[in-house]
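Q: My questions all concern the structure below.
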């Protein structure tokens, strides 16, 4: 796996994909290096882009609990050798995608696939506005230059993110009247996989680098022609992403939502964090009982009791991370939507609201936005 182009400069990617590639390279694997591409207009992140090119790399500080014991370690990540801007360096981005790159990674935010109004194919040398349009234009340039296969691994927290990205590009390709030969190449030689990422990256370092928890997961759904990007303990190739998504959504994320509900109802301190509210023994005990009495039995209905018990144990360590300042006021944002996706969806999936009295009480306070049982990240 040769050079990687990463669309997105976020601290999450620094402590996730960039770190994994660094560790794989340190282990002797032929993967990378990475060119980071900033997809947005000029702004405060320009300094971060320039810092990606520093030969000394950047620090990722891993802080948290592992098997009940504190862990602190710092990794100097050297997998990224360059940072450029799509807006300012479009010609160079086109050159890279035309032939040098084997793998594209992206994380452009939850709205990264939104239609940015790229109704017409861009003029020669001009970068489109939206990310799917940028990627489509680059892939069409690769096809015109000879078009060897390429893999795209999106990391956005969107259900079926690979399928969503492909669909967004397909809509644009029809608008742009892309020819049949190029369309066939996009369908058969551009591999876009669905993936799921899971790691809490609590804060950035200046100008580049990040602080992250020990737990990390990059689950990638197998599809025709796809090879694992690297061998790494946190990279899992799977035939089905849904079990991983359900564990994250209905244990970690649902736990956050339950704690936020407790925080708001009891009018606890405005700046309180997750670890601070869990220092209250009664609240911690209530969360443990919720997992034991309502969540794990729900997973058991789908043959996932053992997986849920393991994930609960890991989640409690993650929530009580002494180095993580995760404010409940931040978690509270869009609370009703989160209840819908995390609580209502779990009750629908388990089809046993009567067996989940505490969850049912929360659900009753927030009418569902839909009756679908489909999980939504």
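The values are calculated or read from the model by the stated rules, or taken from the named source; none is laboratory data. All values derive from a computational prediction rather than experimental measurement. Positions of Cβ are backbone-derived with ideal geometry, glycine not excepted, and every protein chain shown enters the neighbour counts.
Q: What number of residues in segment 201-247 are at pLDDT 95 or above, within 15 Å of the chain's Cα centre (by Cα) and within 19 Å of residue 315 (Cα to Cα)?
A: 16
Q: On the given criteria, is residue 60 surrounded by fewer than 20 Cβ atoms within 10 Å (Cβ to Cβ), modelled with pLDDT of 95 or more, farther than 24 Å from residue 139 by Cβ and within 23 Å of the chain's Cα centre (by Cα)?
A: Taking the combined requirement at face value, the residue does not satisfy it.
Q: Right, here's the next one. Could you go through segment 175-184 and let me know if any residue there is buried (at least 16 other Cβ atoms within 10 Å of the Cβ), touching a strand residue (DSSP E or B) at 6+ places or on another chain (Cβ under 9 Å) and either outside the structural domain of residue 90 (by TED's automatic domain parsing) or outside any loop (DSSP other than H, G, I, E, B) (or both).
A: no
Q: Hey, another quick one. Pairs needed: first member in segment 120-145, on the phi > 0 side of the Ramachandran plot and in contact (Cβ under 8 Å) with a residue 24 or more places away in the chain; second member anywhere, in a helix (DSSP H, G or I) and surrounded by fewer than 24 Cβ atoms within 10 Å (Cβ to Cβ); C-beta distance under 9 Å; at least 6 residues apart or different chains.
A: Pairs that qualify, where the first residue is on the phi > 0 side of the Ramachandran plot and in contact (Cβ under 8 Å) with a residue 24 or more places away in the chain and the partner is in a helix (DSSP H, G or I) and surrounded by fewer than 24 Cβ atoms within 10 Å (Cβ to Cβ), are 125/90; 125/91; 125/94.
Q: Suppose the filter is over 30 Å from residue 327 (Cβ atoms) and in contact (Cβ under 8 Å) with a residue 12 or more places away in the chain; does residue 172 pass it?
A: yes
Q: Quick check on residue 108: is it under 20 Å from the mean Cα position of the chain (by Cα) and within 30 Å of residue 322 (Cα to Cα)?
A: yes
Q: Here are the criteria: (1) out of contact with any helix residue (DSSP H, G or I) (no Cβ under 9 Å at 6 or more places or on another chain); (2) assigned to a helix (DSSP H, G or I); (3) closer than 21 Å to residue 39 by Cα. Tell me which single one residue 139 does not satisfy.
A: Just one mismatch for residue 139, condition (1).
Q: Just to be sure before I move on: is residue 209 surrounded by 16 or more Cβ atoms within 10 Å (Cβ to Cβ), touching a strand residue (DSSP E or B) at 6+ places or on another chain (Cβ under 7 Å) and over 24 Å from residue 122 (Cβ atoms) in the structure I sent? If you could, list the steps in order and put the result at the bottom.
A: On the way: surrounded by 16 or more Cβ atoms within 10 Å (Cβ to Cβ): yes; touching a strand residue (DSSP E or B) at 6+ places or on another chain (Cβ under 7 Å): yes; over 24 Å from residue 122 (Cβ atoms): yes.
Taking the combined requirement at face value, the residue satisfies it.
Per-residue answers, yes or no, for (1) within 19 Å of residue 194 (Cα to Cα); (2) crowded, with 18+ Cβ neighbours inside 10 Å; (3) touching a strand residue (DSSP E or B) at 6+ places or on another chain (Cβ under 7 Å):
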residue: 91; (1), (2), (3): no, no, no
residue: 95; (1), (2), (3): no, no, no
residue: 108; (1), (2), (3): yes, yes, yes
residue: 136; (1), (2), (3): yes, yes, no
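Q: Next question, about the same structure. Against the condition in a helix (DSSP H, G or I) and either under 17 Å from residue 336 (Cβ atoms) or touching a strand residue (DSSP E or B) at 6+ places or on another chain (Cβ under 6 Å) (or both), how does residue 254 come out, does it pass?
A: Numbers: in a helix (DSSP H, G or I): yes; either under 17 Å from residue 336 (Cβ atoms) or touching a strand residue (DSSP E or B) at 6+ places or on another chain (Cβ under 6 Å) (or both): yes.
Considered against the rule, which asks whether it is in a helix (DSSP H, G or I) and either under 17 Å from residue 336 (Cβ atoms) or touching a strand residue (DSSP E or B) at 6+ places or on another chain (Cβ under 6 Å) (or both), residue 254 comes out as yes.
Q: Something else about it: Can you go through 347, 328 and tell me which one is crowded, with 16+ Cβ neighbours inside 10 Å and closer than 22 Å to residue 64 by Cβ?
A: Details: 347 fails: closer than 22 Å to residue 64 by Cβ.
328 is the lone residue from the list that is crowded, with 16+ Cβ neighbours inside 10 Å and closer than 22 Å to residue 64 by Cβ.
Q: Can you go through 233, 227 and tell me which one is outside the structural domain of residue 336 (by TED's automatic domain parsing) and without any contact (Cβ under 8 Å) to a residue 60 or more places away in the chain?
A: Selected residue: 233, the only one of 233, 227 that is outside the structural domain of residue 336 (by TED's automatic domain parsing) and without any contact (Cβ under 8 Å) to a residue 60 or more places away in the chain.
Q: Is it true that some residue in segment 262-282 is in contact with a strand residue (DSSP E or B) (Cβ under 6 Å, 6 or more places away or on another chain), farther than 23 Å from residue 17 by Cβ and modelled with pLDDT of 95 or more?
A: Pass one, segment 262-282, residues in contact with a strand residue (DSSP E or B) (Cβ under 6 Å, 6 or more places away or on another chain): 273.
Right, trim to farther than 23 Å from residue 17 by Cβ and you get 273.
Then keep just the ones that are modelled with pLDDT of 95 or more; that gives 273.
Yes; the residues of segment 262-282 include at least one that is in contact with a strand residue (DSSP E or B) (Cβ under 6 Å, 6 or more places away or on another chain), farther than 23 Å from residue 17 by Cβ and modelled with pLDDT of 95 or more.
Q: Next question, about the same structure. Find all pairs meeting these conditions: Cβ atoms under 6 angstrom apart; at least six residues apart or on different chains; first residue within segment 57-74 and free of Cβ contacts under 8 Å to residues at least 40 places away in the same chain; second residue not in a strand (DSSP E or B).
A: Between residues of segment 57-74 that are free of Cβ contacts under 8 Å to residues at least 40 places away in the same chain and residues that are not in a strand (DSSP E or B), the close pairs are 57/78.
Q: May I pose another question? Considering only residues of segment 21-57 that are touching a strand residue (DSSP E or B) at 6+ places or on another chain (Cβ under 7 Å) and within 21 Å of residue 216 (Cβ to Cβ), which is surrounded by the fewest Cβ atoms within 10 Å (Cβ to Cβ)?
A: Looking at the filtered set, the residue picked out is 33.
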